[in-house]
Amino acid sequence: MWAGWKIIIHQNDDGIQEVVTYYITKDGIKISSNSFDFIYHKAFKTVIIVNHKTRTFYLGTFDDYKSQLKDLYSIDAKRADEILPMSYLLRLNKLLEQNISDNQNDNKRITPSLKVENTNEDKRLADYTAKEYKVYLDTTLIERIWLSQDVHIKYDIADAFNFFRGDEASKLKESKTVNTQEYEQLSYRGFPLKIINLDSNGFEVFSSEVVLVQELELDEEETFSPPATYQSKTLVDIIMAKD
């Protein structure tokens, strides 16, 4: 048994609602939804992806996963992008890509800027106090994010998200186009308990809210293993399987 965390998150992705649960210890993380489990374990250097709809799983070493991930992206990058877990940094990056593309097509500007505003407003979320920040691309509000310094999770969740998608760095890819340093510094201001992403017209396209943060003892073997009755498959088979 290991000291760990259980975090339950309610997400709404363009009208599609889902409950996502994190199980975290000092060495591993499990990102669980109704359809998939994504397990990343630093100490064991293993990756497990479980497809609950097909009752199958993939289990491989870090090197094996990287190799099979290349095959997956070469076969269907769009499908991989839809299924693999996405960090809030990557979601914002996609918003930036869309906004910058739209505005450059309109010849409105050449060099946009990303700014962070501390609203100095506190909100109580999942029994923790979080501070609200607003993120603007020029004058367009594209994100509201509530960060709490009271949730002391030392595990770098972004590492796992990046690994699943084959990304080496935690920085926003649009940093070459926009100065994103101010936004990336937010990771030092607390754990994200609530996020709202907005399109260029001000409509909500994604929201994420933590509804439970619980410290508990976790059985690592049970938590970070595939169900015993599921069948082993390749990564491509797991991700490409149709419902």
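Read-outs throughout are calculated quantities, based only on the coordinates presented, and are distinct from any laboratory measurement. Keep in mind that this is a model prediction, so the values were computed, not measured. Here Cβ is always computed from backbone atoms with ideal geometry, including for glycine, and neighbour counts include all displayed protein chains.
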**Fraction in percent of alpha-carbon pairs per bin - 5 Å, the chain** = 1, 6, 13, 17, 18, 17, 13, 9, 5, 2, 0, 0
**Request:** Pop a pseudo-label 7 angstrom from the Cα along the beta-carbon direction at both Ala43 and Ala158 and give the gap in nm to one decimal.
**Result:** 2.5
**Message:** Report the gain in length on full extension from Asp167 to Tyr73: 0.36 nm times residue separation, minus Cα-Cα distance, nm rounded to one decimal.
**Reply:** 32.6 nm
**Order of Thr234, Thr61, Thr56 - criterion: other Cβ atoms within 10 Å of each residue's Cβ, fewest first** = Thr61, Thr234, Thr56
**Message:** Could you work out how much longer the chain between Ser207 and Thr129 gets when fully extended? Use 0.36 nm per residue separation minus the Cα distance between them, nm to one decimal.
**Reply:** 26.2 nm
**Item:** Beta bridge orientation in segment 2-240: antiparallel %, DSSP, nearest 5
**Value:** 95
**Message:** Treating only the Cβ of Lys, Arg, Asp and Glu as charged (+1, +1, -1, -1), what charge dipole size does segment 2-240 show about its Cα centre? Round to the nearest 20 debye.
**Reply:** 300
**Request:** Arrange Asp37, Asp71, Asp159 by Cβ neighbour counts within 10 Å, fewest through most, would you?
**Result:** Asp71, Asp159, Asp37
**Prompt:** Using helices alone, what [θ] at 222 nm do you get for the chain, with -39,500 (n - 2.57) per DSSP H run of 4 or more residues, divided over all residues and rounded to the nearest 500?
**Reply:** -7500 deg cm²/dmol
**FRET efficiency, Thr21 to Ser113 (Cβ-Cβ, R0 35 Å, nearest 0.05)** = 0.45
**Prompt:** Considering the dipole of the chain built from charges on the beta carbon (Lys and Arg +1, Asp and Glu -1) around the Cα centre, which of Gly15, Ala3, Leu186 is farthest to its positive end?
**Reply:** Leu186
